[in-house]
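Chemist: Starting off with a structure, shown below.
The values are calculated or read from the model by the stated rules, or taken from the named source; none is laboratory data. Source: prediction; values computed, not measured. Cβ: placed from backbone, ideal geometry, glycine included. Neighbour counts: every protein chain shown.
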Amino acid sequence: MKKLLLSGLLLVFVFWSFKPGKARQRTINTVEIVTLVQDSLLNVRALEVIPNEDACVFLTSNGMFGSILKRPSESGMKHKPLVFYPVDLNKDSLSYNFRAMAVTKTRGMGLTIGSPALLVDINVDKPETTVLYQENHPNAFYDSMDFWNDQEGIAIGDSTDGCLSVIITRDGGHTWTKLTCDQLPKGMENEGAFAASDTNIAIVGS
């Protein structure tokens, strides 16, 4: 009974500690900066953090993939993270200018800017890419992509034919469907999404 009571009090304390509006304060005394990748031509356009693996992955404007993996400390000694870069995803006849990326439990995807817009599945182990969606509109210009679960995701781009470009997947990225303008607010001519390279989508309430 005592154990049950203590467990209940602990749960109440935990929920109270993390209740909305209560800020958690931390004291930061020092900041250490470590150079992980040094490349005068490096132009990272999209970056995704993978929390469960203590890692991040990124794509560049010239079709390169990179990853940074945290290494566990041993005997109190910190190890510099492992960096895998560059992994060239370009093909002989195709050069990728990546602008956005998304990672689910089963796949990683990259999205290019310009026409044709290409949304590709990325297999880093080989490495190779497979085109999942292609849009040939002369004004195609996609800005960002995000998923709210492992099956459903969205990508948005600048206005074409009277509305912003929005594509949706409901099957984990295997297929993508573009919403028609009668399903979206009317856009202005040459209207563009805030093009901060893959950061202009907010998933709320997922």
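Chemist: Return the residues of region 31-55 that are outside any loop (DSSP other than H, G, I, E, B), hydrophobic (A, V, I, L, M, F, W, C) and within 17 Å of Val87 (Cβ to Cβ); say none if nothing qualifies.
Modeler: Val44, Ala46, Leu47, Ile50, Ala55
Chemist: Could you list, in sequence order, all residues of region 61-89 that are farther than 15 Å from Ile122 by Cα, charged (D, E, K, R) and in a strand (DSSP E or B)?
Modeler: Glu74
Chemist: Tell me which residues, restricted to region 117-130, are surrounded by fewer than 21 Cβ atoms within 10 Å (Cβ to Cβ) and either at pLDDT below 95 or hydroxyl-bearing (Ser, Thr, Tyr) (or both).
Modeler: Passing the criteria: Asn123, Val124, Asp125, Lys126, Pro127, Glu128, Thr130.
Chemist: Out of curiosity, is Phe58 in a strand (DSSP E or B) and farther than 30 Å from Ala193 by Cα?
Modeler: Answer is no for this residue.
Chemist: Check Thr60, Thr104, Thr30, Thr35 and return the single one that is of a type outside the set (A, V, I, L, M), surrounded by fewer than 10 Cβ atoms within 10 Å (Cβ to Cβ) and modelled with pLDDT of 90 or more.
Modeler: Only one candidate passes the filter, namely Thr30.
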